[in-house]
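Colleague: Before I ask anything, let me first share the structure, which is written out below as structure tokens.
The values are calculated or read from the model by the stated rules, or taken from the named source; none is laboratory data. What you see is a predicted model; the values in this text were computed from it and never measured. Note that each Cβ is placed from the backbone with ideal geometry, even for glycine, and that neighbours are counted across all protein chains shown.
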Amino acid sequence: MQTVDVVVIGAGPAGTVAASYLKKQGYQVTILEKEKFPRFQIGESLLPCCMEHLDQAGLLEAVKPLNFQRKTGAAFMRGEKRCEFFFSEQFTKGWTWTWQVKRADFDSTLAEATRAKGVDVNFECEVLAVTCGADRQSLTYRDINGNENQVECRFIIDSSGYGRVLPRLFDLSKPSSFTPRGAIFSHLEDKNRTEKASNNIFVHSFDNNQSWIWAIPFSDGSTSVGVVGNKEKIMELAENDGLKYKNFIREFEDLKGRFTGSQLKFEPRHILGYSIGVKKMFGEGFVLSGNSTEFLDPIFSSGVTFATASGLLSAKMTHRHLQGEKLDWKTEYEDVIQKGIDVFRSYVAGWYNGDFQTIVFAQEIDDDIKNQICSVLAGYVWDQTNPFVKKHDTILSTLAKVIKMKERAEM
């Protein structure tokens, strides 16, 4: 029986940020990670806001030597229409750049840097059972050798991502309100990358806003290319080892031959029905962070930012809890994280119903409006001084209606 202060489930960005922060406060922390690292993961285009979280956790300097592709903005395209956002022009004062990363390298570096701080990081350890109480939590897990072990702690942070350990064990998951979608993706040679393609993420919309392609360039000359659409479309593209996917990205008109003749780095992979929520984000002796809470959609690359944001806040709350403070977890944690999720929820909905694209592909877009939207795209979704954050649930639809009326009047 091992006894520590905090057990973190999962060694992804949420888990390593949480564990590293708590180690800085002097706690004994153990991470239990089911998979073997390095391991492939999507969510490769970061947002500037997450740089603050990495910095506070003491992990930013560990990533810099990897020389990941610097990301300074994002471009959205539909046919001949194009709208490019640059983080240096955003409304909110904050980071003006971030990275595009191969997650196998990024996550492994965070995990090793966390271990170097003195955190006990254990790979290939699957959590089987959890018992929670007011003061003491107990976890049973199977280690790399197939042996069952127990560890007791004062608090648990579940950062298990798609594994969703505590939501699964405690029946906390709930369905998403979004239409079930999927994604198919691979890494390709990008020998035809041009200045116009730039080094930032490109998003190409098609199928009347219901499907889109991402192109995320890496510093080694390769690019992550994925197609997102309804489950039926993705299943069709995935048939016969992704043959239709391969042909589609090479022939898609808006990509203008960028990947014609490009070789894949690995066979296409796909995921389906990734959107999911939770009934609550905390309970007696535990808190959820990262994708263990809620995952919306990859369209605005918000996954890692919510992982690091919730990982950091969960660690700060855990520290206060272990110091004996009486906390309002609903107000101080769940409601805070939910506010950020709800902002992006409005933008995801606005993407698929066309409101977001009506705005960004308008004949003219006001600079102030564009900069305020840019702050959301940079991940600063808790900035209540930004009208496009504060009024997120109505502002996109209202502005889209005004633009449509104006454009009809000018016809």
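Colleague: Restricting the search to segment 363-402, which residues are modelled with pLDDT of 95 or more and of a type in the set (A, V, I, L, M)?
Modeller: Listed by number, the residues that qualify are I369, I373, V376, L377, A378, V381, V389, I395, L396, L399, A400, V402.
Colleague: Do we find that S20 is polar (S, T, N, Q), crowded, with 23+ Cβ neighbours inside 10 Å, modelled with pLDDT of 95 or more and farther than 24 Å from I216 by Cβ in this structure? Can you show your working first?
Modeller: Details: polar (S, T, N, Q): yes; crowded, with 23+ Cβ neighbours inside 10 Å: yes; modelled with pLDDT of 95 or more: yes; farther than 24 Å from I216 by Cβ: yes.
Yes.
Colleague: Considering only segment 353-407, give the helices (runs of 4 or more DSSP H) lying wholly within it that have at least 3 residues that are more than 24 Å from the chain's Cα centre (by Cα). Walk me through how you get there before you give the answer.
Modeller: Working: elements: 355-360, 367-377, 387-390.
Per the criteria, 367-377.
Colleague: Given segment 165-235, what strands (runs of 3 or more DSSP E) lie entirely inside it while holding 3 or more residues that are free of Cβ contacts under 8 Å to residues at least 60 places away in the same chain? Break it down stepwise before answering.
Modeller: Details: elements: 173-175, 181-189, 201-206, 211-217, 222-230.
Here the list reads 211-217, 222-230.
Let's see how each residue does on (1) under 25 Å from F76 (Cβ atoms); (2) touching a Pro at 6+ places or on another chain (Cβ under 7 Å); (3) of a type in the set (D, E, K, R):
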| site | (1), (2), (3) |
| --- | --- |
| V225 | yes, no, no |
| M235 | no, no, no |
| N247 | yes, no, no |
| D254 | yes, no, yes |
| R258 | yes, no, yes |
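Colleague: Output yes when any residue across segment 328-351 is on the phi > 0 side of the Ramachandran plot and at pLDDT 95 or above, and no when none is. Please lay out each step first, then the result.
Modeller: Just the residues of segment 328-351 that are on the phi > 0 side of the Ramachandran plot, to begin with: none.
No - not one qualifying residue is present in segment 328-351.
Colleague: Could you list all residues from segment 117-144 that are among the acidic types (D, E) and under 10 Å from G285 (Cβ atoms)?
Modeller: Taking segment 117-144 first, the residues among the acidic types (D, E) are 120, 124, 126, 135, 143.
Across segment 117-144, the qualifying residue is only D135.
Colleague: Of everything in segment 372-398, what is surrounded by 20 or more Cβ atoms within 10 Å (Cβ to Cβ) and among the polar types (S, T, N, Q)? Give them in sequence order.
Modeller: Filtering segment 372-398 down to residues surrounded by 20 or more Cβ atoms within 10 Å (Cβ to Cβ) leaves 372-381, 383, 386, 388-389, 392, 395-396.
Within segment 372-398, Q372, S375, N386 qualify.
Colleague: Name the residues in segment 288-310 that are among the hydrophobic types (A, V, I, L, M, F, W, C) and within 17 Å of W382 (Cβ to Cβ), would you? Give the steps one after another, and end with the answer.
Modeller: Initial filter on segment 288-310 (among the hydrophobic types (A, V, I, L, M, F, W, C)): 288, 295-296, 299-300, 304, 306-307, 309.
If the condition is that a residue be among the hydrophobic types (A, V, I, L, M, F, W, C) and within 17 Å of W382 (Cβ to Cβ), then L296, F300, V304, F306, A307, A309 are the ones that fit.
Colleague: Within the set of pairs 6+ apart or on separate chains, which have a first residue in segment 242-262 that is assigned to a loop (DSSP other than H, G, I, E, B), a second that is surrounded by 19 or more Cβ atoms within 10 Å (Cβ to Cβ) and of a type in the set (V, I, T), and C-beta atoms under 7 Å apart?
Modeller: Listed by first residue and then by second, the contacts come to F252/I213; F259/V225; F259/I249.
Colleague: Next question, about the same structure. Restricting attention to segment 238-253, and to residues there that are farther than 18 Å from T223 by Cβ and not acidic (D, E), which single residue is surrounded by the fewest Cβ atoms within 10 Å (Cβ to Cβ)?
Modeller: Here the residue is N240.
Colleague: I've got another one for you. Would you mind telling me which numbered condition in (1) under 21 Å from the mean Cα position of the chain (by Cα); (2) in contact (Cβ under 8 Å) with a residue 40 or more places away in the chain; (3) surrounded by fewer than 20 Cβ atoms within 10 Å (Cβ to Cβ) K64 fails?
Modeller: (2)
Colleague: So, one more: Report yes if some residue within segment 47-56 is under 18 Å from D383 (Cα atoms), aliphatic (A, V, I, L, M) and either touching a residue at least 60 places away in the same chain (Cβ under 8 Å) or surrounded by fewer than 17 Cβ atoms within 10 Å (Cβ to Cβ) (or both); otherwise report no. Don't jump to the end; show me each part of the working.
Modeller: Step one: list which residues in segment 47-56 are under 18 Å from D383 (Cα atoms), which gives 47-53.
Filter once more, keeping what is aliphatic (A, V, I, L, M): 47, 51.
Within this subset, residues satisfying the condition of being either touching a residue at least 60 places away in the same chain (Cβ under 8 Å) or surrounded by fewer than 17 Cβ atoms within 10 Å (Cβ to Cβ) (or both) are 47.
Yes, segment 47-56 has at least one match.
Every residue, every condition in (1) in the same structural domain as G229 (by TED's automatic domain parsing); (2) of a type in the set (A, V, I, L, M, F, W, C); (3) surrounded by fewer than 21 Cβ atoms within 10 Å (Cβ to Cβ), yes or no:
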position: L255; (1), (2), (3): yes, yes, yes
position: G261; (1), (2), (3): yes, no, yes
position: E267; (1), (2), (3): yes, no, yes
position: G285; (1), (2), (3): no, no, yes
position: F295; (1), (2), (3): no, yes, no
position: S301; (1), (2), (3): no, no, no
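Colleague: Could you pull out every one of the helices (runs of 4 or more DSSP H) wholly within segment 37-151 that has 3 or more residues that are more than 21 Å from N200 (Cα to Cα), at pLDDT 95 or above and not assigned by TED's automatic domain parsing to the domain that holds A362?
Modeller: On the way: elements: 49-56, 60-63, 103-116.
Once the helices (runs of 4 or more DSSP H) in segment 37-151 are filtered for at least 3 residues that are more than 21 Å from N200 (Cα to Cα), at pLDDT 95 or above and not assigned by TED's automatic domain parsing to the domain that holds A362, what remains is 49-56, 103-116.
Colleague: Would you be able to say whether some residue in segment 323-337 is of a type in the set (A, V, I, L, M, F, W, C), part of a helix (DSSP H, G or I) and under 22 Å from the mean Cα position of the chain (by Cα)?
Modeller: Looking only at segment 323-337, we keep the residues that are of a type in the set (A, V, I, L, M, F, W, C), and these are 327, 329, 336-337.
When the remaining residues are screened for being part of a helix (DSSP H, G or I), the result is 329, 336-337.
With under 22 Å from the mean Cα position of the chain (by Cα) added as a condition, the list becomes 336-337.
Looking through segment 323-337, at least one residue is of a type in the set (A, V, I, L, M, F, W, C), part of a helix (DSSP H, G or I) and under 22 Å from the mean Cα position of the chain (by Cα).
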